[in-house]
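One structure is given here, and the rest of the page talks about it.
The values are calculated or read from the model by the stated rules, or taken from the named source; none is laboratory data. In this text the structure is predicted, and so the values were computed from the model without any measurement. Neighbour counts run over all protein chains shown; Cβ positions are idealised from the backbone, glycine included.
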Amino acid sequence: MSGSAYAGSSLYCQWISSSGTVLLSGDYRTFSYNPAVKLIDCTGYEDRFQYFLPGIRGGDISYSGVLPAGGPAGGTSNWGALAEGISGTLIVAPEGTGTGKPKKIIPSISSGVTWNSPYNNTVEYSISFSQIGERIDEVY
């Protein structure tokens with residue numbers, strides 16, 4: 001199994017919207033992408049088990065990181081680019097941007113930035129996104 005794993009620190013994540021471009025993979029804590037599919041129940045009256053067909057696809061994305069001075073990802077303009085309701089595109093490369101590494105392009109809507117300011121401790125922020133279009137899987 002040697003050589004088949006990679007560290008989470010390899011993650012590259014970028015948010016691109018008409019309000020700005022934000023590099024999210026700097027000082028992050030967690031990133032998750034949960035693709036989903038709505039199931040269409042096609043069970044008949046006489047069926048003994050439920051039967052489903054795949055329907056509309058989507059997904060939820062969440063990110064958390066250390067809140068640097070100046071705002072998310074280190075820039076005051078990034079607050080607006082990540083505001084709730086802003087549509088854009090997430091570029092996600094779990095293994096980094098090296099040649100041949102996987103890359104996901106996910107059209108999304110931001111749910112906005114939330115943050116936690118614990119007394120005498122590191123301030124973290126988080127962002128949630130909802131997938132709003134077809135994910136494209138490519139490689140660098």
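The table below gives the values:
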quantity	calculated
Residue list for region 116-140, restricted to those being loosely packed, with under 14 Cβ neighbours inside 10 Å and modelled with pLDDT under 90	Asn116, Ser117, Pro118, Tyr119, Asn120, Asn121, Thr122, Val123
Some residue of region 9-29 being free of Cβ contacts under 8 Å to residues at least 12 places away in the same chain, over 24 Å from Glu134 (Cα atoms) and surrounded by fewer than 15 Cβ atoms within 10 Å (Cβ to Cβ)	yes
Options Ser25, Ser111: the member that is in contact with a Leu (Cβ under 9 Å, 6 or more places away or on another chain) and not acidic (Asp, Glu)	Ser25
Residues of region 41-79 classified as modelled with pLDDT of 85 or more and either loosely packed, with under 12 Cβ neighbours inside 10 Å or farther than 16 Å from Ser25 by Cβ (or both), total	20
Residues of region 85-104 that turn out to be closer than 16 Å to Asp60 by Cα, of a type outside the set (Ser, Thr, Tyr) and surrounded by fewer than 16 Cβ atoms within 10 Å (Cβ to Cβ), as a count	1
Near pairs, Cβ below 8 angstrom, 6+ apart or cross-chain, from region 40-59 (among the acidic types (Asp, Glu)) to any residue that is modelled with pLDDT of 90 or more	Asp41/Gln50; Asp41/Tyr51; Asp41/Phe52
Region 105-140 - residue that is β-branched (Val, Ile, Thr) and part of a strand (DSSP E or B) and, of those, nearest to Tyr63 (Cα to Cα)	Ile127
Close pairs from region 61-73: first under 16 Å from Glu84 (Cα atoms), partner surrounded by fewer than 23 Cβ atoms within 10 Å (Cβ to Cβ) and among the acidic types (Asp, Glu), Cβ under 6 Å, at least 6 apart	Ser64/Glu124
Failed criterion for Val113 (all others in (1) in contact (Cβ under 8 Å) with a residue 60 or more places away in the chain; (2) β-branched (Val, Ile, Thr); (3) buried (at least 16 other Cβ atoms within 10 Å of the Cβ) hold)	(1)
